[in-house]
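First comes the structure, then the notes that go with it.
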Amino acid sequence: MRFSVSIPVMTAALALSVATASAEQITFVSQGGAYQEAQTKAILNPAAKLLGITINQDSAPDAWPVLKTQAATGKPIWDVIDAPTTICVRGGDQGMVEKLDFSKIPTAASMPAQYKTPYSVAYEFYSSVLAYNKKKFASKAPQTWADFWDVKAFPGTRALRNHPQATMEAALLADGVSADKLYPLDVDRAFKKLEQIKPHITVWWTSGAQSAQLLADGEIDMEMAWNGRVAAVMKEGAPVSFTFNQGLLQETSLCIVKGAPNLETAYKFVNAAMTPDIQANFPAYIDYGPGNPAAYATGKISPERATQMPSAPENAAKQVLVSQAWWASPAGEDAIKRWAGFVQK
């Protein structure tokens, strides 16, 4: 997870209520911690006020096992989930997530087709970027994954995430695969390229907090890290930077639970949450970008702030949109299983 989680999965939901009690309500599920706190201010409170509904919140750092349990009972208590798109797609394929009727989500109509699946709509974006120590690379900074793999031209300690998503894409980009030819991933080629860099990886990090600490302490000279984590370290004064060039653009999405007890209100909420004006609130509270690109045309996001957002059009154009559909496929699931053996051996 990109976010430190301070809220456990809660049996008693927290309620966000408008001034007067409303008969309409939903239970919204997210990933907890600072991220859920930020979206409460940016998205949930404004949507509740706009619609005049009550939004009950639950928190599940990994929604998948809870979603499966609720589906097994036949009486789910969740309505809307904010989760990695792979969970939405896998859940849809297994009959646990609603196939969306996009006629009920008109605010998503103008969004790029690749930001939507039959079961989900992109809610917010983050990037896996190449971050580096500016003192170590004062004369020439690494700008591509080929630079990351070039240990002679760019000597120094390195770290990668202990997960194949984005890491395998970076390996293939480093091996010369063009961004528009990445999918379906050549898994064998990716692992072969990863074997080359593996002896030079000091740390395979497992949390966003760990990746940030490696940079802040100067323990690592360059690494793949989430843009928001790097930005936080930069704000604290650490001599680090990053590039969006060849970043791996990833999203969390909104999806609706199959058999949601408040289905129609859930649709109203998703539509409101994707409104450009509400989406434009995200950058005021967290360093991740709106899922709806139209948010950048509202005037609420300053040009300076937009340059820091992974989903801003100019930054998105420099990056590769990670195919969540591929990662949710059997081939993607096989790659994830294969990863554990690669890291351990």
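Structural remarks
- Centre-to-centre, using Cα atoms only, region 64-110 and region 288-345 are separated by 20 Å.
- Going by accessible surface with a 1.4 Å probe and the largest first, Thr167, Thr107, Thr307 read Thr307, Thr107, Thr167.
- Inverse of mean 1/r across different Cα pairs in region 236-345, Kirkwood, Å: 16.8 Å
- Gyration tensor (alpha-carbon) shape descriptor, region 97-152, a/c threshold 1.5: prolate
- Here's how it looks for Gly32: its modeled amide H is under 5 Å from those of Ala60, which are all 5 or more places away or on a different chain.
- Fluctuation leader among Ala317, Ala138, Ala272 - the chain, Gaussian network, Cα springs under 10 angstrom: Ala138
- Expressed as a whole percent, the accessible surface of region 178-217 that belongs to carbon and sulfur atoms is 49, based on a 1.4 Å probe.
- Per residue, the accessible area of region 267-345 comes to 43 Å², computed with a 1.4 Å probe over protein heavy atoms only.
- Inter-probe distance in nm under a simple model that places probes 7 Å from Cα toward Cβ, at Ser178 and Thr202: 3.7 nm
- Each peptide in 184-193, 89-98 gets a packing score, the mean of other Cβ atoms within 10 Å over its residues, and the list from highest to lowest is 89-98, 184-193.
- Comparing mean-square fluctuations of Pro199, Pro283, Pro84 from a GNM of the chain with C-alpha springs under 10 Å, the top value falls on Pro199.
- Max mean-square fluctuation residue, GNM over the chain, Cα-Cα springs under 10 Å, options Ala166, Ala280, Ala141: Ala141
- The accessible surface of region 98-152, taken with every protein chain in place and a 1.4 Å probe, is 51 percent carbon and sulfur.
- Ligands, DNA and RNA left out, the accessible area of region 235-345 computed with a 1.4 Å probe is 54% carbon and sulfur.
- With the helix formula -39500 (n - 2.57) applied to DSSP H stretches of n ≥ 4, the chain reaches a computed 222 nm mean residue ellipticity of -9000 deg cm²/dmol.
- Heavy-atom surface of region 104-257, accessible at 1.4 Å and reported per residue (Å²): 38 Å²
- Greater than 24 Å apart at Cα, pairs in Lys258/Lys337; Lys68/Lys337; Lys152/Lys193; Lys193/Lys318; Lys181/Lys235: Lys258/Lys337; Lys181/Lys235
The values are calculated or read from the model by the stated rules, or taken from the named source; none is laboratory data. These figures come from a predicted structure and were not determined experimentally. Please note: Cβ atoms are built from the backbone with ideal geometry, for glycine as well, and neighbour counts cover all protein chains shown. Quick note on the areas: whole protein, heavy atoms, side chains included, nothing else; ligands and nucleic acids left out. Shrake-Rupley method; radii C 1.70, N 1.55, O 1.52, S 1.80 Å.
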